[in-house]
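Heads up: the structure comes next, in structure tokens.
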Amino acid sequence: QHDPRHLTPAAVFPSSEYRYREYSALTDERIGEALASLDADVVVGTRPGLNVHLALQAPARTVRVGQEHLTLDNHPPRLRRALRRVYPRLDAITPVTEADTAAYRRKMRLPGVRVQALPNSVPAPTLPPADGRERVVVAAGRLVPMKRFDVLIEAFAAVATAYPDWKLRIYGRGEEQERLRALIERLGLYNNVFLMGAVTPMEAEWVKGSIGAATSDFEPFGMTIVEAMRCGLPVVSTDCPYGPGEIITPGDDGRLVPVGAPDALAGALLDLVGDDELRRRMGRNALENSRRYAPASVVAEAEQLFEELLAARGGDRPARGTDHALVSGGYAARDTMLVAAGSVVRTVRKARR
């Protein structure tokens with residue numbers, strides 16, 4: 001932090017990227033040096049700015065994969081233009097949903113760049129799954145306007161009226177906390193709806209519930225939905241862009257309702273609250289269906305993608321030594337650009353020996 005180069009604005013990391021202020025001429029230099037020294041076959045960037053570094057500074061022999069954890073449309077136009085200029089130098093882009101993958105293919109014009117969805121992974125909980133007997137609905141996330149916990153609280157008023165022994169627990173913290181607390185008081189739900197604060201890890205709280213709820217206006221993926229399902233909870237969610245509709249199979253392991261529609265949300269919750277067998281069956285299906293997001297499954301998809309990208313490059317180069325992760329001496333270290341970390345790189349190399 002005392003290096004004068006850290007006071008000079010970054011030139012490689014794009015100025016339109018959300019975290020530009022954390023980067024500098026020093027991080028430009030350190031990331032470039034680390035990339036130039038790479039001995040890996042595959043290197044993966046973890047956010048748009050680092051993907052730009054990857055496109056411009058990674059060795060030509062290295063397969064370059066840029067992850068997209070938000071969505072293309074979520075980026076400001078100036079950042080999209082910057083990415084469009086350099087992303088043709090990547091080998092692949094991996095959005096987390098098929099919907100965003102389609103947007104990239106349609107809008108970015110990246111001939112020769114493979115665009116393939118690669119979802120986030122959620123490990124199996126270490127606790128036994130929920131059994132559907134607890135009279136509790138669980139929701140989790142930052143208490144911010146986009147998550148629309150106000151809609152969930154309004155919808156739960158109908159549940160509390162019909163089933164006063166049911167509770168709603170909302171986990172998280174954020175700017176909306178006092179407004180949500182006031183809404184709970186105004187609706188007289190102080191015996192039924194509880195703001196629980198932030199808890200990590202959440203699995204011990206998911207398994208205390210019988211239904212998960214997600215009410216966002218927008219979700220690049222929907223990690224809390226998968227977390228709840230991995231713990232055996234059916235999930236009632238808004239059918240918002242982009243993730244919920246790809247995670248939940250309506251009527252099988254959860255329900256999808258329109259965005260910003262408390263009456264529809266209340267109806268879906270009441271269907272599950274009022275039918276013990278339906279709720280438990282959906283919970284069992286959620287547990288089974290969510291196994292596709294297990295780390296082993298997602299890593300297998302990544303390994304196959306990397307193998308195919310290497311093959312497309314004529315990838316039978318000999319292994320070149322020890323795997324190592326890229327670590328920057330600047331602020332970028334907090335984002336850690338992965339060198340297709342450890343086990344994946346070793347698997348790729350082993351297959352070619």
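Any chance segment 235-256 includes a residue that's in the same structural domain as residue 102 (by TED's automatic domain parsing) and over 25 Å from residue 126 (Cα atoms)?
no
Restricting attention to segment 167-211, the residues being outside any helix (DSSP H, G or I), touching a strand residue (DSSP E or B) at 6+ places or on another chain (Cβ under 7 Å) and of a type outside the set (Gly, Ala, Ser) number 15. Residue 70 meets each of the listed conditions (1) in contact (Cβ under 8 Å) with a residue 40 or more places away in the chain; (2) over 23 Å from residue 243 (Cα atoms) apart from (2). When residue 225 is tested against the conditions (1) in contact (Cβ under 8 Å) with a residue 60 or more places away in the chain; (2) touching a Pro at 6+ places or on another chain (Cβ under 8 Å); (3) crowded, with 24+ Cβ neighbours inside 10 Å, the lone failure is (1). Residue pairs whose Cβ atoms lie under 6 Å apart, sitting 6 or more positions apart in sequence or on different chains, and linking a residue in segment 175-186 that is under 11 Å from residue 153 (Cα atoms) to a partner that is part of a loop (DSSP other than H, G, I, E, B) and aromatic (Phe, Trp, Tyr), are 184/190. Taken together, 84, 61, 106 contain a single residue that is in the same structural domain as residue 37 (by TED's automatic domain parsing), closer than 26 Å to residue 247 by Cα and over 17 Å from the mean Cα position of the chain (by Cα), which is 106.
The criterion of at least 2 residues that are among the β-branched types (Val, Ile, Thr) and modelled with pLDDT under 80 is met, among helices (runs of 4 or more DSSP H) falling completely within segment 255-353, by 343-352.
The values are calculated or read from the model by the stated rules, or taken from the named source; none is laboratory data. Predicted model, so just to flag it, every value in this text is computed and none were measured. In this analysis, Cβ positions are derived from the backbone assuming ideal geometry, glycine residues included, and neighbour counts consider all displayed protein chains.
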